[in-house]
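A.B. asks: The following block contains the structure, expressed as structure tokens.
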Amino acid sequence: MWFGAGLLALISATGVACAQTVKVGNSNVTSTAGVGFNLLALGSVPSGTAAGFQSSTTLTTGTKGGLPTPAGTEITKIVFNDPVADPNKSGVYVGSTGDVAASPISSTSLLKYLVAEGNTSNVGTVTVSYSVPQTSLQILWGTIGTGDTLTICGNTSCTGTALATYTGTNIIGYGGVANQNAAITIKGLPGFSTIQLSDHNSAPAFEFLLGQPVPEPASLAALGMGLAGLAVARWRTKKTVQKVPRRPIA
């Protein structure tokens with residue numbers, strides 16, 4: 001009975017919409033070892049390849065050079081918008097590339113990462129689409145700057161009122177360090193299927209890597225409900241058996 005009641009209490013807790021919480025850790029991250037979640041693996045380039053801009057072509061799941069399959073399949077599309085004349089701005093990068101972008105992993109890493117960069121009069125964006133509504137987000141936020149903005153969109157076009165917005169200044173307020181890297185976990189968000197990361201300044205760029213999707217609370221609640229049902233059924237069966245009168249010994 002205690003076991004069943006405990007599970008029901010847990011289910012009740014997960015079923016209630018909680019306030020948004022932001023956890024910031026691993027300041028000045030230099031390797032994936034200290035990051036508290038799995039990064040979306042965009043791949044790497046051969047050792048010895050010059051660091052720099054790779055592509056600004058839209059990434060989709062399962063395409064050559066696109067998003068990994070099957071890992072991270074809930075992220076279905078990543079689109080880059082670069083209003084700047086220089087083509088080597090928003091897009092996929094590897095390594096650190098001077099004054100354009102700095103790797104959020106380490107200066108020598110050849111892992112690919114994402115970059116949003118604009119200039120003083122234009123905004124560069126990276127728009128990420130999910131196939132399943134999300135309520136939490138994990139991101140390795142590189143070189144936290146006041147011009148960086150993460151928008152949790154209320155619709156697929158990322159127009160109108162946002163569900164939530166986090167600037168570099170907000171992340172610094174939560175414990176991040178300006179111009180350093182941090183692993184960010186945001187929970188308790190309204191269900192969203194699109195996010196947009198944007199940069200409002202010519203420098204520095206907004207470099208980042210996304211975390212892998214995590215199990216949704218609804219799935220965990222369904223599992224807990226099933227276990228709770230089994231526990232209650234077992235308790236009732238035990239109680240019924242105990243009520244059966246014993247026959248007198250002849």
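What follows is calculated from the coordinates using simple rules that are stated; it is not laboratory data. Bear in mind that the values here come from a model prediction, so they are computed numbers and not experimental data. Cβ sites come from the backbone with ideal geometry, for glycine too, and all protein chains shown count toward neighbours.
A.B. asks: Out of residues 5 or more away from residue 61 or on other chains, whose amide H comes under 5 Å of its own, with H placed 1.01 Å from N in the peptide plane?
C.D. replies: HN-HN under 5 Å from residue 61: 67.
A.B. asks: Cα centroids of region 174-189 and region 95-159: how far apart, whole angstrom?
C.D. replies: The distance from the Cα centre of region 174-189 to that of region 95-159 comes to 13 Å.
A.B. asks: Provide the gained length on full extension for the span residue 165 to residue 37, in nm with one decimal, where the gain is 0.36 nm per separating residue minus the Cα-Cα distance.
C.D. replies: Here the answer is 43.9 nm.
A.B. asks: Provide 89, 112, 64, 187 in ascending order of the number of other Cβ atoms located within 10 Å of each residue's Cβ, fewest first.
C.D. replies: 64, 187, 112, 89
A.B. asks: Ordered by residue, what ³J(HN,Hα) values in Hz, to whole numbers, does region 45-50 give under the Karplus form 6.51 cos²θ - 1.76 cosθ + 1.60, where θ = phi - 60° and Gly and Pro are x?
C.D. replies: Residue by residue, region 45-50 yields 10, x, 4, x, 6, 4 Hz.
A.B. asks: In addition: Past 20 Å, Cα to Cα, is the threshold; run 64/112; 112/187; 23/112; 64/89 against it and keep the listed order.
C.D. replies: Where the Cα-Cα span goes over 20 Å, the pairs concerned are 112/187; 23/112; 64/89.
A.B. asks: Another question about this same structure. Would you mind putting 72-81, 101-110 in packing order, based on average other-beta-carbon counts within 10 Å, highest first?
C.D. replies: 101-110, 72-81
A.B. asks: OK, next. Working out 0.36 nm times the residue gap between residue 187 and residue 19, then minus their Cα-Cα distance, what length gain in nm do you get to one decimal?
C.D. replies: Gain on stretching residue 187 to residue 19: 59.7 nm.
A.B. asks: Still on this structure, I have one more. Roughly how many nanometres apart are two label points built 7 Å out from the Cα toward the Cβ at residue 71 and residue 157?
C.D. replies: Inter-label distance under the simple model: 3.6 nm.
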